[in-house]
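Working notes, beginning with the structure itself.
Only the coordinates and a few stated rules stand behind these numbers; no lab work does. Keep in mind that this is a model prediction, so the values were computed, not measured. Don't worry about glycine lacking a Cβ; one is built from the backbone with ideal geometry, like all the others, and counts go over all protein chains shown.
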Amino acid sequence: MPNEPYDYSAGRPADPISPYIPPQGGRQHQQAGANPPASGSGEGELGRAIGELAGSIRREIAPALQQAGREVGAAMREVGRQVGPAVRQAGDAWQKAGEQARARSARQQALHFERTERRRMASSRFLAQFGGGFCAFWSVLFCAVYFSMLDGGVGFGEALLAFVPAVGAGLGAFYLLRKAGRWKRARRYRDFLDGWAGCTLKELSGSTGKSVEHLKKDLQTLIGGQYLRGAFLDARDNVLFADEASYREYLDERRAREQEAKARREAERRKAEAAAAPGRPAHEVFIEEAGGFLEELAALRGEISDPPVLEQVDRLAKIVGDIRDWVAGHPASLPKVKRLTGYYLPTTLKLLRTYTSVDDNPGPTAQNICQNITGILHTFNTGLLTMQDSLLEDTALDVSAEISVLESMLQQEGLTGTADFAPLALRGEPDEPDAPQLELPGGGEQ
């Protein structure tokens, strides 16, 4: 029967579990199923034929599919090369137009602020001068009354009625005239800037003839008293700024310079330690420097909130970690990535420090810096992937050579192609050949 289990050890169908009563005409049925080995051999040949057909189809179709994939990839790359520059140019033009619009708006606001401040300074100085002159006039008048009362024989107590207003008017005149002088100096400082983002106190000292220390105290007084509204003084570097945006950009740049100097000192320290270590392998130095980069990158990541930049930073950390691990296991590949820790990674840290220092600044210049750094991070990650792929070239050649040798040996041993590995019982052959018949002396057989 077709569904009966086959006993491969005996070369016959296995006994059914339950008794079987053949139907009428069962002898013909038994005769039809009396040669199971032939049926099994036919099934094996059919399976081998199907496998060979599938293998031949796969061998013929796979190269065509690979070629089609390469052609599609090449076409897509060509489209990217053709369309990419136009898209980038359009994006750059749009970005440039936006920056120009923001710059015009910022200039208009700055000019409006300057005009408003100049009018405020002029009107405040005029009012202070007028009030001071008025108070001085009344002070002189009351002083004249006081002395005339003394000359007229009026007692000292009565004369005080004229002396007290004279003193009060005099103090008012002194205060208002001093305030007018402050407005005058503030206007002079504002005119010296004249559209500049800032100036050093040394430059201002050369224009006014005052010492740097005198200018520092005077500017602190004027800024604190709202005479120079919007101006900022950096007492550490002795720099006067016309507005808050310029002051913030200067602080960000200074912080970036300090971080860069700190990182440079740290790198020099590590190199000195590596040079001092006797006989230290170069790949261990590379692994340590890459680990230091990943630590600093993790610290900078905590100061970044923009999702696209975070994505590029995480991608960068993963690629650098993979390259470090590969070099740790394959020191011979170090020459291919020796510039990674010597130039690329320190420069990337410098750019990221600049990004974190200017990210919070709302000015158009700061935003342009952040956009440029975000773009170069994507380009850098693409270059690192190419570098990582180059590390696998030697391994790919070794694997290809090993595969070729293995295929050649299999062919020499006759273990490839259509070799029949089916069990002998399936092919209707005995598991072991019959023992040879030995003839004994006297014509007998054993």
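Some observations on this one:
- Extending 7 Å from the Cα toward the beta-carbon at both Gln67 and Phe137 defines two label points whose distance is 10.6 nm.
- For the range 374-390, the Karplus equation 6.51 cos²θ - 1.76 cosθ + 1.60, evaluated at θ = phi - 60°, returns couplings of 4, x, 6, 5, 4, 5, 5, 5, 4, x, 5, 5, 5, 5, 5, 5, 5 Hz by residue, with Gly and Pro reported as x.
- Amide H to amide H distances under 5 Å link Ala197 with no residue, where only residues 5 or more positions off or on other chains count and H is placed in the peptide plane.
- Dipole of the range 134-187, positive direction: furthest Cα of Cys135, Phe163, Ala186, with charges on the beta-carbon: Ala186
- Label-point separation, His330 to Ser123 (7 Å along Cα→Cβ), nm: 7.6 nm
- Working note: Karplus 6.51/-1.76/1.60 with θ = phi - 60° gives the range 195-209 the couplings x, 6, 6, x, 8, 7, 5, 5, 5, 5, 5, x, 7, 9, x Hz, where Gly and Pro are set to x.
- Using R0 = 60 Å, the C-beta based FRET efficiency linking Thr116 and Ala74 works out to 0.45.
- Working from Cα pairs under 8 Å separated by at least six residues, relative contact order for the range 276-401 is 32 percent.
- Applied to the range 139-150, the Karplus parametrisation 6.51 cos²θ - 1.76 cosθ + 1.60 on θ = phi - 60° returns per-residue 3J(HN,Hα) values of 5, 5, 5, 5, 5, 5, 5, 4, 5, 5, 5, 5 Hz, with x for Gly and Pro.
- Long pairs among Lys96/Lys184; Lys96/Lys338; Lys216/Lys262; Lys262/Lys338; Lys179/Lys202, criterion Cα-Cα beyond 31 Å: Lys96/Lys184; Lys96/Lys338
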